[in-house]
Amino acid sequence: MTTLAPDELPAEAAGHPSAPLWRTPGLTVLFAASTTARLANECGRLGLVLLALDRTGSPALSGALVAAATFPQLVSGPLLGAWLDRTPHRRTVFVAHQLLLAAVLTWLVLAVGHAPSWLLVLTAALPGGTAPVLTGGYTGLIAPLVPRPLMQRAYGAEATSYNVAGVGGPALAGAVAAWGSPSAAVLVAAGLALLALVPLARVPMPAPAPPHGDHLLRAVAAGLRHMAVTPPLRAATVATTLSYGGMGALPVVLPALAHELGAPAAAGGALFSTFAVGALLSSVSLAARAPRTGPLRLAFLGVLGVGAAACALAVVPTLWLAFVVVGVAGVFESPVVASTLTVRDRHSPPSMRTQVVTTAASIKIGAFALGSGAAGAVVAAHGARAGAWLLAGCQGAGLLLGALSLGRATRRTGQRLR
């Protein structure tokens, strides 16, 4: 499918940041595909937690399944991102991921509670190898389609896509599990993975610029070096990686906390959706009006807010107050997502934009996987509130080490890091 270059777009689409974003050719179908694919992933993630709890009663297995489904991205993200920046055959891996996810989720419905735990964990890890297309893969397609004046709003819409999936996926999994069964929730996620193939077939995927002759591994090394030596990218990566490691506790902590507060474990899906509703409302606000502060500083403020909310979650006495606290945490999380996307775009050359996004996202998701595994063990041994303290501690560590990683000279200038 051919796509208009930014300078060929209609004047009303390219001339001003307030122009209609959705008139950009190809953008609507891109967000339809990415949001449906992410919805399947979020629904399947919580569905697996509920399935494992229902059939085995083991929080440790639940955490291990979430970790297995996410951890491979830590390795595959840099490689896949560099490949996507170089290949004219991008669509192949997008389609392969959706098919693989649907097949694995279907098999796990049949196997959980019957097959050995090591086999379940190994199988759950298979879609993790191609999962970076859900983050950097789709995000990397935005810049070639959207004119520069609309880019900040486009990344706000991208954050909204994550949040819509974050709202709908857990809500759908929780509702289907409550009204039907956890098995049905996982099968619904598999169906959504296949449904995403419909808009995916129409997504414009412009061919990248020809590679400069670098071997793929050398391109990966160059991207990693760029992230390490660029202060805003380095700080954003350190802070959000540790923060997101704490977020890995949420799929395990929220169902367990609901149970401790006298509600069914499936109410954890509603709690997770409340978090995502807060994030969605916040992201819509950010997309409508640009914040006054710089993106990196805004990300740090978001991490601080999530940490404060996590401390409150650790001591909350009732389920209704838990809903309030989780919603507030979501409001603070959304600026972290939108701001880090902006930082990555502004400080990455076009030749490695997708690689930077997939690498940073994969490092975060690897931390999420470790956080899920650690939370499973902590919750099993000490309860849901200990898992909430783990979440809070990760936010504090992200703030401290992220600020230190900026470097003394950058911190002294007090610049907004646009």
Computed label-point distance, nm, for sites H382 and V284 using a 7 Å Cα→Cβ extension: 3.8 nm
Normalised Cα Rg of the range 114-199, dividing by 2.2 N^0.38 Å with N its residue count, works out at 1.39
What does a probe at L321 reach in the range 255-281, counting residues whose amide N is under 17 Å from the point 7 Å along Cα→Cβ? 257-263
A96-L401 FRET efficiency (beta carbon distance; Förster radius 35 Å; 0.05 resolution): 0.45
Cα-based convex hull volume of the range 303-401 per residue, rounded to whole Å³: 97 Å³
What shape does the range 59-129 take by its C-alpha gyration tensor, where a ≥ b ≥ c are the square roots of the eigenvalues and a/c under 1.5 counts as rounded, a/b above b/c as prolate, and the rest as oblate? oblate
Around V167: net Lys/Arg minus Asp/Glu count, Cβ-Cβ under 13 Å: -1
Estimated distance in nm for a label pair at R202 and R346, the labels positioned 7 Å out from Cα along Cα-to-Cβ: 3.5 nm
Please report Rg (one decimal) and Dmax (integer) in Å for the Cα set of the chain. 20.3, 61
Could you pull out every whole DSSP H run in the chain that spans at least 27 Å of Cα extent along its own axis and averages 0.5 or higher on the Kyte-Doolittle scale? 27-56, 90-111, 267-288, 295-315, 319-346, 353-382, 384-405
Once fully extended, how much extra length lies between V229 and A175, figured as 0.36 nm per residue of separation less the alpha-carbon to alpha-carbon distance? 14.9 nm
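No value in this document is a laboratory result; all are computed from the given coordinates. Please read these numbers as outputs of a predicted model, since none were measured by experiment. Glycine gets a Cβ as well: all are built from the backbone with ideal geometry, and neighbour counts include every protein chain shown.
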